[in-house]
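Here the structure comes first, spelled out in C-alpha cells, and everything after it is commentary.
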Amino acid sequence: MIPQRTAPGEASSDPGTPSRPELEEGTVGRAVARIDLGAVSRNCAHLRSLLTGSAELCAVVKADGYGHGATHCAKAALRGGATWLAVATAREAEALRAGGLDCRLLVMGALTPEDAWTAVTASAEVVAWREGLVEHLAELARAAPVRVHVKLDTGMGRLGTADRDEAARVSARVAAHPRLELAGVMTHFATADELGDDHFPVQLRVFTSFVEEMRALYPDLVAHAANSAATYRDAAAHFDLVRCGVAVYGLDPFQRDPTERGLEPALALESYVADVKPLHAGESAGYGRRFVAPEATCIGVLPIGYGDGVRRGLTNNSEVLVGGHRHPLVGTVSMDNITIDLGPHTHVRSLDRAVLIGAQDDERLTAEEMAGRLETINYEVTCGLSPRVERIYVGE
Ligand SMILES: *Cc1c(COP(=O)(O)O)cnc(C)c1O
C-alpha cells in the first residue's frame, strides 16, 4: 500500500526542477505520525462486539480525532461499524461536514449563540439543558427541525443540569416545539475509568431512573451515557448508544496496555537519527547541560521536539526505539530536537528510523507509557501532537 500524504507535493511544471520526493513507507521524516486507519476500523468493530441489545456506536472525533485526524478517522470508524459521530465544538462539526461526512453528528459542548448557528447550519445535533438555549435553537431552525439532546448532570459536576425537574421541563419544551426534535437524553460519567469506585454506580442508577421516566413519555428517545471506560466497565451503561473516543484510536481508557483489552494503537510517532556524534566523558548534550556523559558515548540527534508535542517533561525521562532497541532520551527536550544516548559502540547510522510511540521489531513504546512518565493520560499525549507533525495515513 502506498501511504497517502495529507498534502501531496505539487508536481512542478518546470522540467528543470525535480518534484518533491514522496514520503513513502520505507523513508523517514523529521516528525511523522503514522496513522493506521485499519486499526481504527478494527477497534470500532471490536467495540461494537461488546455492545448489548441494539446499542449503537458513536465515534468521538473531537480535538482532531484525539490528534489522529478527525475526517480520516471518522470515515474509518464508520467503515468499522460506528453509526454516529460526536465532537466537542460546532466548528469541528462544520469541518466534518465539509469533509463529506453526512451521518448523525452530535456536538457535545456548550454553545455560544454563534456556535449554535454554526451547529444548526451544519445539520448537527446539539445538547441543551436550559430553556434559554432551547428558545434560541428554535429561532435558528429552518428547513428541518433541530435535534436536541437534553443533558442531566448525574454527578460529573460540569455540563448539564443536576435538577431532574429542569431536565424534564427542558425536554417537554423541546418535544412540544414544532421546529425542534427531542432526539435524546444523556449524561456523562466522572469516574468510569476508576474501577471499583462507588460514584459510577450512583450516576448509573440516577440516569437509569431518569431514562425510564423519559422513555414512558417519549418512546423514541436515544439514551446515551457511556464513554470508552464505561462501555468496557458495565453493559448496563450502554443504553441505546455509546460514545467512545479514546478506545477508537486503540488507546486504553484505563491507562494500561491497550492490547490487553483487544485494542490496537492506531498511531505511531516517528522521527529519525539526523546525526550520530561522539561525546567524551564530561561533555554535555542540549540546553542547560542537563546530561553530562559520565564516560565516552555516542549521541543520536533526532529533529523532533516540544514544538511537535514531544513534551519537555520527557527530559532525561524517556526512551526512543532505534534499530529495535530502547535508547534513553538524554538532555533537555528542546523545541525542534532531542538527543538520545546510543552507547559507545553503536551501529546506529544517520537516517535510521526512530520511534517515540509505536513498535520496532519486538520492542514497543505506548502512549500510555509516555503518559505515565509525564504523570498525565494517553489522551493528552496524542492531543498534544502539534500541526507541525506530518500525518501519514496507512491501512485504508
Ligand atoms: C470526550 C467525551 C466522550 C468520549 O470519552 P472517551 O473517554 O474518550 O471515550 C464521551 N462523552 C463526552 C460527553 C465527552 O466529552
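The values are calculated or read from the model by the stated rules, or taken from the named source; none is laboratory data. These numbers come from a predicted model, not from an experiment. Cβ placement follows ideal geometry from the backbone for every residue including glycine, while neighbour counts extend to all protein chains displayed. To get the accessible areas, we keep the full protein, side chains included, count just its heavy atoms, and leave off ligands, DNA and RNA. Shrake-Rupley method; radii C 1.70, N 1.55, O 1.52, S 1.80 Å.
From ALA167, ALA162, which residue is away from the ligand (no atom under 14 Å from the Cβ), open to solvent by 60 Å² or more (accessible area, probe 1.4 Å) and among the hydrophobic types (A, V, I, L, M, F, W, C)?
Matching residue, one of ALA167, ALA162: ALA162.
Can you work out which of the residues in the range 21-76 that are under 21 Å from VAL222 (Cβ atoms) and part of a strand (DSSP E or B) is most open to solvent (accessible area, probe 1.4 Å)?
In the first step, residues of the range 21-76 are kept if they are under 21 Å from VAL222 (Cβ atoms); the result is 44, 47-62, 74.
Filter again for part of a strand (DSSP E or B), leaving 56-60.
Values: GLU56: 78, LEU57: 1, CYS58: 1, ALA59: 0, VAL60: 4 Å².
Restricting to residues being under 21 Å from VAL222 (Cβ atoms) and part of a strand (DSSP E or B), the top hit is GLU56.
So, in the range 284-306, exactly how many residues are in a loop (DSSP other than H, G, I, E, B) and out of contact with any helix residue (DSSP H, G or I) (no Cβ under 9 Å at 6 or more places or on another chain)?
The initial filter retains those residues of the range 284-306 that are in a loop (DSSP other than H, G, I, E, B), namely 286, 290, 293-296, 303-305.
From what's left, out of contact with any helix residue (DSSP H, G or I) (no Cβ under 9 Å at 6 or more places or on another chain): 286, 290, 293-296, 303-304.
Adding up the residues that qualify gives 8.
So which residues in the range 307-342 are assigned to a strand (DSSP E or B) and open to solvent by 50 Å² or more (accessible area, probe 1.4 Å), if there are any at all?
To start, the set of residues in the range 307-342 that are assigned to a strand (DSSP E or B) comprises 318-322, 325-330, 338-341.
The answer is GLU319, HIS325, ARG326, PRO328.
Taking the range 220-237 as the region of interest, how many residues are open to solvent by 20 Å² or more (accessible area, probe 1.4 Å) and either under 22 Å from TYR379 (Cα atoms) or in contact (Cβ under 8 Å) with a residue 40 or more places away in the chain (or both)?
Final tally of qualifying residues: 6.
Which residues, counting only those in the range 77-112, are open to solvent by 40 Å² or more (accessible area, probe 1.4 Å), away from the ligand (no atom under 14 Å from the Cβ) and outside any helix (DSSP H, G or I)?
Selection gives THR83, GLY100, ASP102, ARG104, THR112.
Which one of these is open to solvent by 50 Å² or more (accessible area, probe 1.4 Å) and touching a residue at least 60 places away in the same chain (Cβ under 8 Å): ILE392, ILE377, ILE304, ILE357?
ILE377
Mind telling me which of the residues LEU217, LEU204 ends up being within 16 Å of the ligand (Cβ to nearest atom), farther than 29 Å from ALA70 by Cβ and either of a type in the set (A, V, I, L, M, F, W, C) or surrounded by fewer than 18 Cβ atoms within 10 Å (Cβ to Cβ) (or both)?
The unique qualifying residue is LEU204.
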